[in-house]
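Report on one structure; see the data block that follows.
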Amino acid sequence: MKALMSLGALVGVVGLLLLAGMIFDVIPSNTIRLVEGYMPMQMLFEVGCYVLGFTGLSYMLNAMGMGIPRFWQGIGFWIFFLLYIKYRVYPPIPFSVRAMYGTVGLVAVLMWVSANEEDWKKFKQPILNVLDAQTGFNKVLRYVYLVALPILTWGFSYNAMMPKSEEPIELRTVHPAPPASTKVHGKTYVLQTSLNPYRVNPEGKYDQEYSNSLIVEQGMGRLMKPNANPWDEKAEGYLKYVREGGEIFFQNCHFCHGDNLNGRGLHAFAFNPIPANFTDPGTIAQLQETFIFWRVAKGGIGLPNEGFPWASVMPPWEQHLTVDEMWKVILFEYWHTGYYPRTWD
Amino acid sequence: MGVVTRKKLFSIIALGAMVVALLLPIVMALPSPATGEEAPAAEGAQKEGEKVEKARDVYYKTEGIVVGAPAPKTTDGPADYPRYNFESRVLLWFANQQHLYYGSFVLAVPIFCMIIEFMGVVTKDKALAKRYDQLAYDFIKISLTAYSLTAILGGILIFTFLTLYPTFFSYLSSIFRPVMHIYALMFVAESGTLYIYYYGWDKMKEGFLKWIHLSMSVILNVIGTLLMFLANSWIGFMMSPAGVDEQGRYLGNIWHVIHTALWNPLNLHRILGNMAFGGGVVAAYAAYKFLAAKTDEERAHYDWMGYIAMALGVAFLIPLPFAGYWLMREVYAYRQQMGITLMGGLLAWLFIIQATMIGILFLSTNYYLWQAMGRMRGAEKYQRYIKYLVFLLACGFMVFITPHTMVMTPAELKAMGGQQHPVLGNYGVMSAKNGGINVIITTTVLSFVWYMRGNKISTVSWARFGNIFMGVFFACAYINIIFLAIYGYYIPANVRVGLSVPQVATTLSCLFFMFTLNSMMMKGAKQLGPIEWGKISARSQYALIMLATAFTWMMGLMGYIRSSVRLFWHVNEIMRDNSPWAYTHTVGFAANVISANVLFFWISILFVFWLGSLTAKKAPVEAKVGVPGAIPQPAGSH
């Protein structure tokens, strides 16, 4: 048990040192990389390791008679967590989310320190000591608080009320609800029931199962399946349409959406936000094909009211492409990213 | 003996009267040629030669004879939208929400009464049976005053509709005309049954009469549930109309009008929601009484009452997210755009707030259970592990509340390099959120298991094996839930949706198997000490109040979301809202109105509690037991 706790303590100390290095910019925050594809779990795993490390550290310090009071354990852990989400995770997390996480962290710490009567007493004792002010030190501390707290409150209020020249916060709806139907080149398409006419099997019938079997493989490299190369001159049917879609994509779309469809094209960083990253599981992977058709056809200008502030510069492609070309380019996007369009069955 | 027989006779007559009251609306609803009313088909036959217009049902796609007028095309003016110098929609919102709060409460509490009274009847321990009976009586006493208030609020709601939205209300009434009187009669039946049930409590407290009394509670709840189903059919029709043609003309089939695409999921969701809400309110009542209690006996009683109410509320809270999931699935199936507006579009931010409230509910429950372990000797052994449960809950909670689209300044957006955060963006999609909530629920189940075995040591020969099995089962459950949440990223969205099934199954397996196994292991277990009712921290009671407040706030929020999803329609795609308020409020404004509703409800229900305490004060106080750990006795009696 002691050996295990010692190991935990070691993990805790090393982790703290690493974080301190990242905060003071001694160690770049990508020294221990967040591995693409595994980052969300890695972050939780790291925090879990820290928790175990701190448990070991606390155990060892107690054994050495140098135990940290529960009050400072709680406060310390919360501060650690705030620093972790600010300095460890890259790219930086927006303040609104850090505020949410910080609040959850605070609630969790309070739940922990007040889970039983004994711990709760230990936690609140330093606060009560200052309030009671039985010793000279506590008396001074109480006076400090008496002066500091109103100043802090004043400072926060001043900061909150002071007019700012920062850009306002945007509550953007990335995927606004589509209309029930959309009219493109004079024809009405019902979004719930319309199908991509090029998603067909060798018999020429709509077959998503068939097309799904020919898309690139998910995972590292996004490799083409054997005998499913759209650029093979002999490719027919679905694969031929994918190739045609690809040609259209590289003639029109890749300047913004990138040659890897990850939203990092030549012009991408001229825009804010940058164009949609189709390889992200939160974009085309969770939308119906007809939703994409509507967005491509109508562009940023065709976003509904709830798409405020309409932060999209995508042109309405119906003015530049035919209906068939739009369907084919969508076919290519799904094929290339290895995702399937969303269906409801 | 003669008195008993007479009582039996009266009780059977009362029960019979309730059954008749229950069946009366149905009998009244049957078309009767004797009264001159004829079915539309017969009418059609009678007026031979006259042209019968037929139209197609917008949802069922069946043909029917047009028997109603088209939905009115309203215009903004005093004829269709008379108003005061205030936003009519907010007034209606307020009236509706208050009626719903009280309606939910008075429908839920009798179900609790039924369960607790039944537990009292079947319990062999007489002292315990008496406690259950007293508790059930306390519950119904609270709901009785609330019942009158519900009726008053229902009246206010109808007047608000008639005053502010007369054209819309008259259209809706014309559609539901065939069942309007059933609704009214159901309400009369509910009132009569409730009063007999309440006032007959003392007279029917033993033997056969008690069973009759219990049967009355069953009938009371059947009536109440049917009443709610009927009310739900109105909102179901407004969201997903059926039984009418494209112009909104009634086609003569009332079952189609009632049985819309969303009716059944709404019914289930509301039953569970009402129960969880009712449990929360009663728990808060008990917490309030506990905090105000002056004697140990009072504290013991209200501690116990709070625990039972909380346990019942949470029992219905656990399946609630799954019922909500079904409702959303049906919404998507009905109209994709409605689903996207809710979960990915305009109202998605409100869902993040909802997720936060759900998290608070489960966190409060866990916290209460940990506090409750403090009143049993022997539970100390679990205290050191609580920090790990806190960690699991916090992780699940953070994932659950992470928004898919983050609120940020353009500078933050630029620094992030895209709309989705590469690390946290993945928490924003359903796969991760399912994992988050299932981890939270499984942890809650684990807390319950610890609570149930807190002061006991199993004496069964296979105790060691049982403990290992339980540990492994929980560990596997966590691994499975988290694995499926991650795996969800690597498969298509429609398959990913299906992954929620094994995740839910894992959580429910923990709930049922672990509770069952734990009960078997704890049968005849050695007690390390009694549960010292009343010796619980005040913090636990604040957790109960928090639980109830979160329930109330969440109900208000979800009601608003459900109603807002119709956007500018009174009846979706049938009758357009042409009032000046046919727009969606900002999140901040909606949150303020919801908070005002919650505040009003809690102030008014405190008044109801106070009224209840007046009757208790007049009643004689039964024998008190002052020994800690002994059976707690109520402060008042009936």
Of B:I531, B:I482, the only residue that is within 28 Å of A:R342 (Cβ to Cβ) and among the β-branched types (V, I, T) is B:I482
Within the range A:299-322, residues assigned to a helix (DSSP H, G or I) and polar (S, T, N, Q) come out as A:N305, A:Q319
Exactly one of A:T182, A:T188, A:T279 is at negative phi, of a type in the set (S, T, Y) and at pLDDT below 90, and that one is A:T279
Any residue at all in the range A:152-166 that's open to solvent by less than 70 Å² (accessible area, probe 1.4 Å) and outside the structural domain of A:Q73 (by TED's automatic domain parsing)?
yes
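Quick grid of which residues meet (1) among the hydrophobic types (A, V, I, L, M, F, W, C); (2) modelled with pLDDT under 90:
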position	(1), (2)
B:K141	no, yes
B:L162	yes, no
B:Y165	no, no
B:L172	yes, no
B:M180	yes, yes
B:L185	yes, yes
Note on the range B:136-187: residues more than 30 Å from B:V67 (Cα to Cα) and among the β-branched types (V, I, T) are B:I140, B:I142, B:T145, B:T150, B:I152, B:I156
Subset of the range A:230-269, residues touching a Cys at 6+ places or on another chain (Cβ under 9 Å) and either more than 20 Å from A:G300 (Cα to Cα) or of a type in the set (G, A, S) (or both), comes to A:G263, A:G265, A:A268
If we keep only residues of the range A:285-302 that are within 10 Å of another protein chain (Cβ to nearest Cβ) and modelled with pLDDT of 90 or more, then the residue nearest to A:T173 (Cα to Cα) is A:F291
Query raised in the report: Is it the case that some residue within the range B:156-177 is over 30 Å from B:V90 (Cβ atoms), in a helix (DSSP H, G or I) and either touching a strand residue (DSSP E or B) at 6+ places or on another chain (Cβ under 9 Å) or open to solvent by 30 Å² or more (accessible area, probe 1.4 Å) (or both)?
Result: no
If we ask which residues in the range A:59-81 are open to solvent by less than 60 Å² (accessible area, probe 1.4 Å) and under 27 Å from the mean Cα position of the chain (by Cα), their number turns out to be 4
Would you confirm whether any residue within the range A:57-65 is outside any helix (DSSP H, G or I) and touching a Ser or Thr at 6+ places or on another chain (Cβ under 7 Å)?
no
The residue that is farthest from the other protein chains (Cβ to nearest Cβ), considering only those in the range A:163-189 that are of a type in the set (S, T, N, Q) and under 13 Å from A:A297 (Cα atoms), is A:T188
Of the candidates B:Y382, B:Y367, the one satisfying the condition of being open to solvent by 10 Å² or more (accessible area, probe 1.4 Å) and either polar (S, T, N, Q) or more than 7 Å from every other protein chain (Cβ to nearest Cβ) (or both) is B:Y382
message: Among the residues of the range A:73-92, are any free of Cβ contacts under 8 Å to residues at least 12 places away in the same chain, over 29 Å from A:L61 (Cβ atoms), assigned by TED's automatic domain parsing to the domain that holds A:G21 and touching a helix residue (DSSP H, G or I) at 6+ places or on another chain (Cβ under 7 Å)?
response: yes
Screening B:W581, B:W553 for residues that are open to solvent by less than 70 Å² (accessible area, probe 1.4 Å), at pLDDT 90 or above and under 24 Å from the mean Cα position of the chain (by Cα) leaves only B:W553
Of the residues in the range A:280-302, those that are closer than 24 Å to B:G425 by Cβ and either acidic (D, E) or surrounded by fewer than 19 Cβ atoms within 10 Å (Cβ to Cβ) (or both) number 4
Going through the range B:526-546 in order, the residues found to be open to solvent by less than 20 Å² (accessible area, probe 1.4 Å) and more than 14 Å from chain A (Cβ to nearest Cβ) are B:G529, B:G534, B:L544
Among residues of the range A:108-123 being free of Cβ contacts under 8 Å to residues at least 40 places away in the same chain and more than 7 Å from every other protein chain (Cβ to nearest Cβ), the residue least open to solvent (accessible area, probe 1.4 Å) is A:V109
Those residues of the range A:324-344 which are open to solvent by 20 Å² or more (accessible area, probe 1.4 Å) and more than 28 Å from the chain's Cα centre (by Cα) amount to A:D324, A:E325, A:K328
Within the range B:239-249, residues being touching a Leu at 6+ places or on another chain (Cβ under 8 Å) and either under 15 Å from B:H570 (Cα atoms) or open to solvent by 30 Å² or more (accessible area, probe 1.4 Å) (or both) number 3
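Conditions (1) on the phi > 0 side of the Ramachandran plot; (2) acidic (D, E); (3) within 12 Å of chain B (Cβ to nearest Cβ); (4) touching a Lys or Arg at 6+ places or on another chain (Cβ under 8 Å), marked per residue:
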| residue | (1), (2), (3), (4) |
| --- | --- |
| A:P304 | no, no, yes, no |
| A:W310 | yes, no, no, no |
| A:Q319 | no, no, no, no |
| A:R342 | no, no, yes, no |
Here, helices (runs of 4 or more DSSP H) confined to the range B:427-517 with at least 2 residues that are away from every other protein chain (no Cβ under 11 Å), modelled with pLDDT under 95 and over 28 Å from the mean Cα position of the chain (by Cα) are B:463-487
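The values are calculated or read from the model by the stated rules, or taken from the named source; none is laboratory data. Only a predicted model underlies this, so the values are computations on that prediction, with no experimental measurement involved. Cβ atoms come from the backbone with ideal geometry, glycine included; neighbour counts cover every protein chain shown. Keep in mind that these areas ignore ligands, DNA and RNA; they rest on the heavy atoms of the full protein, side chains included. Shrake-Rupley method; radii C 1.70, N 1.55, O 1.52, S 1.80 Å.
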